[in-house]
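Undergrad: I am attaching a structure below and will ask some questions about it afterwards.
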Amino acid sequence: IPGIFLLALFTTLLVVLLAGLNGFGVYLADLFLSLMVAEAFMAVMASIVPHYIIGIALAAGVYGFFMLCEGFFIIYSDIPPWFIWGYYIAFHTYSFRVFMHNEFDPIDSFDSQQFPTGESVLKFYDMDNVNVGQDLGILVAFMVFFQLLFAWILWAFHTGKR
């Protein structure tokens, strides 16, 4: 945890301060929780595959699917009904929603006809009703779930016998 927090802290310092983004604390919390969930997910992947290269390839495919469904490449309202489950199981969704809300909600005006305010950007991406606390809580729940799943897999299948 300390290493991941330091990584999140230094990244947040570089990105938020140098780029002039909004909400240092929310950005840090979201990035830290996203990294913790990703690490827990990769631990689960590592525990269920026979070789690490297979795990990396499988996880890359899953992450690609998650990125497709998070609401950036395909906006929530454009996701087909039979595919919407991908939006909800992708932890990237909740992280992306918090990042978007954190950055665009406080902006009152842009020099743009399509997006005159930050709220109009959020409406375009169907993110005008984001609850930051709830989405960060969902990330915590994903992290705990993956950590418990990893512990169970180790207990049940990796007993030290060869």
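Undergrad: Condition first: among the aromatic types (Phe, Trp, Tyr), under 23 Å from MET143 (Cβ atoms) and in contact (Cβ under 8 Å) with a residue 40 or more places away in the chain. Can you find one or more residues in the stretch 28-48 that meet it?
TA: The answer is yes, given that some residue of the stretch 28-48 is among the aromatic types (Phe, Trp, Tyr), under 23 Å from MET143 (Cβ atoms) and in contact (Cβ under 8 Å) with a residue 40 or more places away in the chain.
Undergrad: In the stretch 39-55, which residues are open to solvent by 50 Å² or more (accessible area, probe 1.4 Å), assigned to a helix (DSSP H, G or I) and not charged (D, E, K, R)?
TA: MET42, ALA46, ILE48, TYR52, ILE53, ILE54
Undergrad: Could you say which residue among TYR125, TYR87, TYR94 is touching a Cys at 6+ places or on another chain (Cβ under 6 Å) and touching a residue at least 12 places away in the same chain (Cβ under 8 Å)?
TA: When all the criteria are applied, what remains is TYR87.
Undergrad: Tally time: how many residues in the stretch 1-38 are part of a helix (DSSP H, G or I) and either among the basic types (Lys, Arg) or surrounded by fewer than 17 Cβ atoms within 10 Å (Cβ to Cβ) (or both)?
TA: Selection size over the stretch 1-38: 17.
Conditions (1) of a type outside the set (Lys, Arg); (2) closer than 19 Å to GLY25 by Cα; (3) open to solvent by 60 Å² or more (accessible area, probe 1.4 Å); (4) at pLDDT 90 or above, marked per residue:
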{"site": "GLU70", "(1), (2), (3), (4)": "yes, no, no, no"}
{"site": "PHE83", "(1), (2), (3), (4)": "yes, no, no, no"}
{"site": "TYR87", "(1), (2), (3), (4)": "yes, no, no, yes"}
{"site": "PHE91", "(1), (2), (3), (4)": "yes, no, no, yes"}
{"site": "PHE96", "(1), (2), (3), (4)": "yes, yes, no, yes"}
{"site": "ASP108", "(1), (2), (3), (4)": "yes, no, yes, no"}
{"site": "PHE150", "(1), (2), (3), (4)": "yes, no, no, yes"}
{"site": "ARG162", "(1), (2), (3), (4)": "no, no, yes, no"}
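The values are calculated or read from the model by the stated rules, or taken from the named source; none is laboratory data. Just so it is clear, the model here is predicted, and its values are computed rather than measured. Neighbour counts are summed over all protein chains in view; Cβ atoms, including those assigned to glycine, are modelled from backbone coordinates with ideal geometry. Heavy atoms of the whole protein, side chains included, go into the accessibility calculation; ligands, DNA and RNA do not. Shrake-Rupley method; radii C 1.70, N 1.55, O 1.52, S 1.80 Å.
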